[in-house]
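One structure is given below, encoded as structure tokens.
Each value in this text was obtained by applying a stated rule to the coordinates, not by laboratory testing. Note that this is a predicted model, so its numbers are computed, not measured. Quick reminder, even Gly has a Cβ in these numbers, built from the backbone with ideal geometry, and neighbours come from all protein chains shown.
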Amino acid sequence: MSAIKVENLSCVYGAKTPFEQHAVKKVSFEINKGDFVGLIGHTGSGKSTLVQMLNGLIKPTTGKVYVDSVDLWAKPKEIRKFRFKVGLVFQYPEYQLFEETVYKDIAFGPTNMGLSQSEIKERVIHAANFVGLKDELLNKSPFDLSGGEKRRAAIAGVIAMDPQVLILDEPTAGLDPVGRNVLLSQISQYQKAKNNTVILVSHSMEDVARVTNKVMVMNKGNLAMFDDTAAVFARSDELSKMGLRVPQITRVIEALREKGIDLPSGVLTVDKAVMEITELLKKEGKL
């Protein structure tokens, strides 16, 4: 069953002016409930415009967006309720923190949903625990947190609304390798625990390969590919022509295969590569 369905979606900026730009061009796709989808594409490919149309922040020039089979723009005055169903975390979300305390920041969305104080508290605590924020940080100013903690607090604010679809636009941008791995693991755990639909926008092919089961590729406003993660990264030549690349470990394994080493294709993560190389060494009696 689809969580989001898009039909002939287009967005034109500056229509009928000398600055007219077709950001998204007649895109159609369907994302099922429980899918973890990676959205990749070079800068200016239409990724950010697309995800903002999925929760009603940008109205399409043409086409339709369906959330749970309901047309997003059928009743424009009710568009706000869809933003609770499709939560969007912008790039560098810590810059959106504004309340006096971390607790109030996380509670902002649930409060606007009209929930009771007891339910708001339950959601805040649950969301904070989910992203790894300690209870003692909730009464602090969000501006006293570290960069990674701010990022997690901002994401917790969206998770607290319990969206059916969670969209994350470059959530690991600017984080160090340890912080990036921790955050990715938490997002992956969230998706598995809730079985919600997650869309991860990222320039990191390694991040996408590690956690997603499907990948969408945007290129010059068009949907160039939408398939299982391994199937998309198997098309390395096509991705290269779009200015994209497959994960580094995939390139390493393919280079070994070209030298005649008996390794499988479609290896997307370091953990998988280690497993396959270990098995090969055992098979050849070298381990």
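Which entries in the list LYS25/LYS220; LYS259/LYS286; LYS47/LYS75; LYS5/LYS25; LYS26/LYS194 go over 20 Å, if you measure between the two C-alpha atoms of each? If you can, show how the numbers build up before the last one.
Details: LYS25/LYS220 8 Å; LYS259/LYS286 18 Å; LYS47/LYS75 25 Å; LYS5/LYS25 16 Å; LYS26/LYS194 32 Å.
Exceeds cut-off: LYS47/LYS75; LYS26/LYS194.
Points 7 angstrom from Cα along the Cβ direction at SER185 and GLU30: gap in nanometres?
3.7 nm
For a quick check: with amide H placed at 1.01 Å from N, whose amide H comes under 5 Å from MET225's, ignoring anything fewer than 5 positions away on the same chain?
VAL217
Checking a compactness column here: for the chain, what do you get for Rg(Cα) / (2.2 N^0.38 Å), N being the number of residues? Working shown, then result.
Details: Rg = 20.6 Å, N = 287, 2.2 N^0.38 = 18.9 Å.
Normalised Rg, Cα atoms only: 1.09.
Give a quick list of trypsin sites (Lys or Arg not before Pro) in the stretch 2-82 that DSSP marks as loop, anything other than H, G, I, E or B, with at most 12 other Cβ atoms within 10 Å. Walk me through the numbers on the way to the answer.
Values: sites: LYS5, LYS16, LYS25, LYS26, LYS33, LYS47, LYS64, LYS77, ARG80, LYS81; in loops: LYS16, LYS33.
Listed in order of number, the matching sites are LYS16.
Where a Cα-Cα gap under 18 Å defines reach, which lysines qualify for LYS104, not counting those fewer than 8 residues away within the same chain?
Cross-link targets: LYS121, LYS134, LYS140, LYS150.
State, to one decimal in nm, how far the label point of PHE19 lies from the label point of TYR92, with both points 7 Å from Cα in the Cβ direction.
The answer from the label model is 2.1 nm.
Towards the positive end of the charge dipole of the stretch 127-235, with charges on Cβ (+1 Lys, Arg; -1 Asp, Glu), say which of ILE155, VAL211, VAL232 has the farthest Cα.
Among ILE155, VAL211, VAL232, the one farthest towards the positive end of the dipole of the stretch 127-235 is VAL232.
Show that you can apply the helix-only estimate: for the chain, add -39,500 (n - 2.57) for every DSSP H stretch of four or more residues, divide by all residues, and state [θ] at 222 nm to the nearest 500.
After summing the helix terms and dividing by residue count, I get -12000 deg cm²/dmol.
Exposed loop sites here are GluC sites (Glu not before Pro) in DSSP loop states with at most 10 other C-beta atoms within 10 Å. What is the longest stretch of the chain lacking them? Walk me through the numbers on the way to the answer.
Values: sites that count: GLU20, GLU284.
Here the longest segment lacking exposed loop sites spans 21-283.
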